[in-house]
Amino acid sequence: MPESEVIMEKNKNSSKDTKELTLKTNISGFDELFSEKGVPKGNSVLIAGGPGTGKSTLCRQICYNLVSKGKKCMYVSFEESKERIRRSMESFGWNVEKYIENGDLLIQKINPLDILRMKFGSIGGSGSATELSYKIKPLVIPKDFNPDVIVVDSLSAIIAASVTKDKNYRVYLQQLFSFFEETGATSFLITETDPLPDRYSDSGIEEFLADGIIVLYNIPKKDERENAIEVIKMRYAKHLKKIVLMKIKESGIKIYPDKHISIK
Ligand SMILES: Nc1ncnc2c1ncn2[C@@H]1O[C@H](COP(=O)(O)OP(=O)(O)OP(=O)(O)O)[C@@H](O)[C@H]1O
Ligand SMILES: [Mg+2]
C-alpha cells in the first residue's frame, strides 16, 4: 500500500478535515523539522528526555496552539494537578481558562491508584494477567469528546501503575498503543529517560510500537546549558536528522532547525 494510503487509512476517523494529513503545531521551528510541515495525524509520538528538558512545556504548547485554532485536546497528567498545569501554561502567557471552560481543553489528573482499581475492578473469568490487561482502558475519554490531540504526561507513570514487567508486558503495551490509534487522535506520550538516552522508553519496547520518537536534551556548554531537540523517527514523514537548538523562552518554546548542536 502506498504510504499516502496508509496515512488515509490511519486517519479516517480522526479529523473533520480529511484532506489535511498533517498536524500543524504552529510552534516556531517545530513543524519545519518535517518535510510535510507537521506531524502525520493519528501518529503516536514519544516525547523522550531527561528531567527538565521541556517535555511537558512542548506538549502544553502544542495543546494551547491547537485549542486556540478551534481544535480539541486532552492532557492527562499523573503527577501535576489540573490547577498547576493551568498555572504553568498561564506563566507562558497562554490564556487557557476559556478553553478549559468551553471544554476544548480537557485536563485530567489521574491517580495511578485509580488505574490499579480499574484493573482489579474489572477482573472476570480466570483473572489471568493477559485477560486483565485486555480490559484495562488506561484513560477514559468522555463520550462525544473527540480530541485531535491526546497528551499523556507521562507514559512512564501509566506503565508503572498498570503492569509489572512480566511476560505480558509486550501484550499490554501493544494494547495501549492500539488504544491510542483507535482514538484517531495524534498522541504525544512523554517518557522519562537518561539525559543522553540510548533508549527512549522504560522497556525499550515502546519505541518500536510508537510511530514517532522526539528527544529533548539539556546539554551542558561551558557555563550554561543549552536545550536541543532531535527527531529520531517519524513514520509516514521525512524529517530532519540532526540535533538542533531549542529555546524555552518566556513566551514558550522556539526551535531553530538551522542551528545544529553537538552533544559532546
Ligand atoms: N514560565 C516559564 N518561562 C520560562 N521558562 C520556563 C517557564 N516555566 C518553565 N520554564 C523552563 O522550562 C524548563 C522545562 O520545564 P518542563 O516542566 O517542561 O520540563 P520536563 O521535561 O517536563 O521536566 P520533568 O521531567 O521534571 O517533568 C524548566 O526547567 C524551566 O527552566
Ligand atoms: Mg514534565
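The values are calculated or read from the model by the stated rules, or taken from the named source; none is laboratory data. Model, not experiment: these values are computed from the prediction. We place every Cβ from the backbone using ideal geometry, glycine too, and count neighbours over all the protein chains shown. Surface areas here come from the heavy atoms of the whole protein model, side chains and all, with no ligands, DNA or RNA. Shrake-Rupley method; radii C 1.70, N 1.55, O 1.52, S 1.80 Å.
Take the conditions more than 16 Å from the chain's Cα centre (by Cα), open to solvent by 60 Å² or more (accessible area, probe 1.4 Å) and more than 16 Å from ligand 2 (Cβ to nearest atom) and apply them to residue 35. Does it pass? Step through it out loud before you land on a result.
Numbers: more than 16 Å from the chain's Cα centre (by Cα): yes; open to solvent by 60 Å² or more (accessible area, probe 1.4 Å): yes; more than 16 Å from ligand 2 (Cβ to nearest atom): yes.
Taking the combined requirement at face value, the residue satisfies it.
Checked against (1) open to solvent by less than 20 Å² (accessible area, probe 1.4 Å); (2) within 17 Å of residue 28 (Cβ to Cβ), residue 219 meets all criteria but (2). So which residues in segment 60-105 are near ligand 1 (Cβ under 8 Å from one of its atoms) and either more than 24 Å from residue 247 (Cβ to Cβ) or open to solvent by less than 10 Å² (accessible area, probe 1.4 Å) (or both)? 79 - this is the single residue of segment 60-105 that is near ligand 1 (Cβ under 8 Å from one of its atoms) and either more than 24 Å from residue 247 (Cβ to Cβ) or open to solvent by less than 10 Å² (accessible area, probe 1.4 Å) (or both).
Considering each of 230, 224 in turn, give the residue that is within 16 Å of ligand 1 (Cβ to nearest atom), out of contact with any Gly (no Cβ under 9 Å at 6 or more places or on another chain) and modelled with pLDDT under 95.
Values: 230 fails: modelled with pLDDT under 95.
It is 224.
Entry remark, segment 64-90: residues being under 22 Å from residue 235 (Cβ atoms) and touching a Cys at 6+ places or on another chain (Cβ under 6 Å) number 2 in total. Quick one: would you say residue 206 is open to solvent by less than 50 Å² (accessible area, probe 1.4 Å) and among the acidic types (Asp, Glu)? The answer is yes for residue 206. Only one of these conditions is not met by residue 237: (1) assigned to a loop (DSSP other than H, G, I, E, B); (2) touching a strand residue (DSSP E or B) at 6+ places or on another chain (Cβ under 6 Å); (3) surrounded by fewer than 21 Cβ atoms within 10 Å (Cβ to Cβ). Which number is it? Looking at each condition in turn, residue 237 falls short on (3). Listed by first and then second residue, the pairs with beta-carbon distance under 9 Å, at least 6 apart or on different chains, first residue in segment 82-103 and within 17 Å of residue 70 (Cβ to Cβ) and more than 16 Å from ligand 2 (Cβ to nearest atom), second of a type in the set (Asp, Glu) and not in a helix (DSSP H, G or I), are 98/104.
Could you please find all residues in segment 46-58 being outside any loop (DSSP other than H, G, I, E, B) and buried (at least 23 other Cβ atoms within 10 Å of the Cβ)? Step through it out loud before you land on a result.
Initial filter on segment 46-58 (outside any loop (DSSP other than H, G, I, E, B)): 46-49, 55-58.
Correct list: 46, 47, 48, 49, 55, 58.
Given the criteria more than 13 Å from the chain's Cα centre (by Cα) and in contact (Cβ under 8 Å) with a residue 12 or more places away in the chain, does residue 202 qualify?
yes
Just so you know, in segment 182-203 the residues that are acidic (Asp, Glu) and farther than 12 Å from residue 154 by Cβ include one that is surrounded by the most Cβ atoms within 10 Å (Cβ to Cβ), and it is 194. Taking first residues from segment 43-70 that are more than 21 Å from residue 250 (Cβ to Cβ) and partners that are among the small types (Gly, Ala, Ser) and open to solvent by less than 10 Å² (accessible area, probe 1.4 Å), the Cβ contacts under 6 Å between residues at least 6 apart in sequence or on separate chains come to 43/212; 44/187; 44/210; 45/212; 46/210.
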